[in-house]
1. Sorted by mean Cβ packing within 10 Å, highest first, what order do the peptides A:23-29, B:141-147, A:67-73 take?
2. Tally the DSSP beta bridges in the stretch B:10-221 and give the antiparallel ones as a percent, rounded to 5.
3. Spelling out what I want: for every residue of the stretch B:45-61, take phi, set θ = phi - 60°, compute 6.51 cos²θ - 1.76 cosθ + 1.60 (Karplus), and round to whole Hz; glycine and proline get x.
4. Cross-link candidates for B:K31: which aspartates and glutamates have Cα within less than 17 Å, leaving aside residues fewer than 8 places away along the same chain?
5. At a threshold of 8 angstrom on Cα-Cα distance, excluding pairs fewer than six apart, so keeping six or more, what relative contact order does the stretch B:147-222 reach in percent?
6. Summing Lys, Arg as +1 and Asp, Glu as -1, what charge do residues with Cβ under 11 Å from the Cβ of A:M59 carry, A:M59 excluded?
7. Tell me which cysteines of chain A come out unpaired when the rule is another cysteine's Cβ under 4.7 Å.
8. Using amide H atoms built in the peptide plane, which far-off residues or other-chain residues are under 5 Å from B:K11 H to H?
Amino acid sequence: MHELGIVFSIIKQVDGIAKKNNASSVKEVTLEIGEVSGIVPKYLTDCWKWAVDNRSEYMKGCELKIIPIKAKSFCESCEQSYDTVTYGKICPYCKSEKTYLLVGKDATIKNIGVTGI
Amino acid sequence: MQEVKVIEIKKSIFNANEIDADNLRKELKEKKVFLLNLMSSPGAGKTTTLIKLINNLKKDLKIAVMEADIDSDVDAIKIFEGTGVKAIQLHTGGMCHLDAEMTKQGLDNLELDVDLVILENVGNLVCPAEFDTGACKNMMILSVPEGDDKPLKYPLMFQVCDIVAINKIDCMEMFDFDLDRVKGYIKQRNERAEIYPICAKDGRGIDELANKIRREIKEWRK
Ligand SMILES: Nc1nc2c(ncn2[C@@H]2O[C@H](COP(=O)(O)OP(=O)(O)O)[C@@H](O)[C@H]2O)c(=O)[nH]1
Ligand SMILES: [Mg+2]
Ligand SMILES: [Zn+2]
Ligand SMILES: [Zn+2]
């Protein structure tokens, strides 16, 4: 399962930050997930509970919040931006293929809520 | 009720893997170990090709294999029985790809007194391409029955691979597989890719592929 590996990697990073800040626990994690990041939020949520309860030091019962980020592309020919998921590689305004992704590929840990500091 | 304090992080989830991967490559470079990441769809012929390749390469190189495809040790046993080289099974828990952290854990279970470690990645053309394992080079196997249009459908996989082996060329006629067409599609995606037609079943093309890997290892140790 793709998302499980990602959850492990998030846990590793968040546990590290909690430790560095001398926190006693992490109560919530907020992620920003790009629409074309390859991560399916529902699958993340599905394995999150099990993973934080079994594989982390500081995150038992930690809540997950996901902010979806819409994917947007930019057309170099007509200099307009458009919705990537609807139109793909081809600009809907001028049909040019000289387009690139502006946002939506990345997934970030936005913030975490900790106790004990 | 304890007070919850918010810490702003703003860190990319994928960056963490890229940092792990770069660190692993540095460590491999220092130890003069070449790690080759081998990817393909399930059944394209990774294990069969590995056995033929290793029997060629083991004459002058010390080799170990890490099996990640999938959670049973059949492939590790096949490699050991077919070549005599050490093969360990990584327990990926049904995961669809490996990241640098998992790769590093696997390497820590091997004694790194070898020249070449080959990682048989999980059989999947999608997400293994998205996660840098920390390998020195990526190689993929496209097998003839999968069709010559695969570089169009899985562009990222072909972009990240420096070596593409086209396996099962004994079946080309049966599957209307056009070697020139597939080469064209691959080059469109990745100018750098070197393409090797092989038949892992009878050994055709294996010498050329083995020599390519020898050259890459030499380059890595410079
Ligand atoms: N006809 C033919 N069959 C092959 C060739 N290479 C592998 N196979 C067969 O393809 C099947 C899958 O091979 P395997 O090495 O297990 O694939 P893996 O899942 O990628 O490791 C096996 O039945 C092999 O015997 C080849 O060059 N020609
Ligand atoms: Mg196999
Ligand atoms: Zn995956
Ligand atoms: Zn346009």
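1. Put in order of decreasing packing, that is B:141-147, A:23-29, A:67-73.
2. Values: 1 of 29 bridges.
Around 5 percent antiparallel, to the nearest 5.
3. Using θ = phi - 60°, the values come out as x, 4, 5, 4, 5, 4, 4, 5, 4, 5, 4, 7, 6, 6, 4, 10, 10 Hz.
4. B:D20, B:D22, B:D108, B:E111, B:D113, B:D115, B:E216, B:E219
5. 34
6. On the way: positive: A:K12, A:K27, A:K49, A:R55, A:K60; negative: A:D15, A:E28, A:D53, A:E57, A:E63.
Cβ neighbours under 11 Å give a net charge of 0.
7. Isolated Cys, chain A: A:C47, A:C62.
8. Under 5 Å from the amide H of B:K11 lie the amide H atoms of A:I109, each far enough along the sequence or on another chain.
Values quoted throughout were computed directly from the atomic coordinates according to the rules given, and no laboratory measurement underlies them. Keep in mind the model is a prediction, meaning the values are calculated, not measured. Note that each Cβ is placed from the backbone with ideal geometry, even for glycine, and that neighbours are counted across all protein chains shown.
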